[in-house]
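The values are calculated or read from the model by the stated rules, or taken from the named source; none is laboratory data. For clarity, every value in this text was computed on a predicted model and none was experimentally measured. No Cβ is skipped: glycine too gets one built from the backbone with ideal geometry, and neighbour counts run over all protein chains shown. Surface accessibility is based on the protein's heavy atoms, side chains included, excluding ligands, DNA and RNA. Shrake-Rupley method; radii C 1.70, N 1.55, O 1.52, S 1.80 Å.
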Amino acid sequence: MDDATVSIEKHECAAALRQHLQTAKRLRLQANSEPATAAKRLRLREWQAGRLARTHADLLASPRFGVAAQFFLSDLYGPKDFSSRDEEVERILPLLIRMLPVSALRTVALAVEVDALSEELDSAMVAELERAGMLERIDEDAYAAAYRAVGCRAERERQVTLIRQTGEALDRVARKPLLSTMLRLMRGPAQLAGLGELHDFLDRGFNAFRCMGPADEFLDSIDGKERALLARLFAAAADPFV
């Protein structure tokens with residue numbers, strides 16, 4: 001890949017990253033506008049994190065896939081608030097464009113897009129569960145009903161696609177030994193510069209995928225289960241979470 005192509009790809013990633021950062025920031029500000037609103041969002045996300053842990057219990061228990069599964073459930077698809085990471089990315093974006101290879105920059109852009117889309121869908125779910133009077137006692141039936149009422153099937157499918165694409169990007173990054181050295185050398189300076197969240201995200205993802213080996217089986221499992229669950233929920237199937 002020549003320098004001109006790399007430069008174009010980097011600027012495309014950067015443009016997408018800026019857009020998704022702004023979207024995620026706006027939605028988080030709305031969700032955290034007051035303590036009661038923030039608590040509602042957290043309640044939903046904690047329920048979803050529990051559901052994900054049950055759905056993917058086999059991956060979490062796997063000696064080979066366990067670390068990567070925990071990374072996915074905590075850093076991509078879980079209840080964690082990514083405000084600090086995204087603020088760091090926004091603050092040093094020009095530096096990231098210069099320093100990071102395209103593969104690493106694309107990984108960050110995909111992760112932030114997952115975050116922005118999840119914030120949007122979670123906001124709609126909180127509103128629907130509250131309208132139905134079920135936000136204080138979310139269970140599988142209440143969640144399934146709210147999921148169908150919100151709709152957004154294309155966005156739900158996009159969310160699963162993004163999760164896979166982020167995993168594929170991490171898999172490619174994990175095959176670059178020079179990046180491992182760079183991340184190790186950057187640990188101290190990153191902490192001193194107030195970039196600990198961003199560095200930790202990249203470092204945890206890199207190590208999770210490097211230790212796992214080829215990621216196809218892992219990503220196929222997540223993708224298959226989440227798409228099957230999505231289809232059962234929209235079809236109003238009995239016991240969709242089983």
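Please give the helix 102-131 orientation as an angle from the longest Cα principal axis of the chain, in degrees from 0 to 90, rounded to the nearest 10. Tilt relative to the chain: about 20 degrees.
Gain in length, Ala154 to Asn32, computed as 0.36 nm per residue apart minus the alpha-carbon separation, to one decimal in nm? Before the final figure, lay out the partial values.
Details: separation 122, 0.36 × 122 = 43.92 nm, distance 2.62 nm.
Full-extension gain reported as 41.3 nm.
Accessible surface for Glu12 stands near 120 Å², nearest 10, in the context of the full protein assembly shown (1.4 Å probe). Here the Gaussian network model covers the chain, with springs between Cα atoms less than 10 Å apart; of Gln70, Gln159, Gln30, Gln30 fluctuates the most.
What angle do you read, to the nearest 10 degrees and between 0 and 90, between the alpha-carbon axis of helix 196-212 and the longest principal axis of the chain? Once rounded, the angle reads 90 degrees.
Rounded to whole numbers, the Karplus 3J(HN,Hα) couplings from phi for region 145-151 are 5, 5, 4, 5, 5, 5, x Hz, using 6.51 cos²θ - 1.76 cosθ + 1.60 with θ = phi - 60°, and x at Gly and Pro. GNM on the chain, alpha-carbon springs under 10 angstrom: the most fluctuating residue among Leu230, Leu29, Leu60 is Leu29.
Roughly speaking, what is the stretch gain from Phe241 to Ser74, that is 0.36 nm per residue apart minus the C-alpha to C-alpha distance, in nm to one decimal? Before the final figure, lay out each step's value.
On the way: separation 167, 0.36 × 167 = 60.12 nm, distance 2.03 nm.
Computed gain between Phe241 and Ser74 is 58.1 nm.
In this simple spin-label approximation, Gln22 and Ala49 carry label points 7 Å from Cα along the Cα→Cβ vector, and these lie 3.1 nm apart. The angle between the Cα long axis of helix 177-192 and the main principal axis of the chain comes to about 80°, on a 0 to 90 degree scale.
Leaving out ligands, DNA and RNA, what percent of the accessible area of region 80-143 is carbon and sulfur, probe 1.4 Å?
That share works out to 50 percent.
Could you state the accessible area per residue of the chain in Å², with a 1.4 Å probe and every protein chain left in place?
On the way: 11620 Å² over 242 residues.
That works out to 48 Å² for each residue.
Could you tell me the relative contact order of the chain? Use alpha-carbon pairs under 8 Å, at least six residues apart, and round to a whole percent.
Numbers: 210 pairs, mean separation 63.0, N = 242.
About 26 percent, as a whole number.
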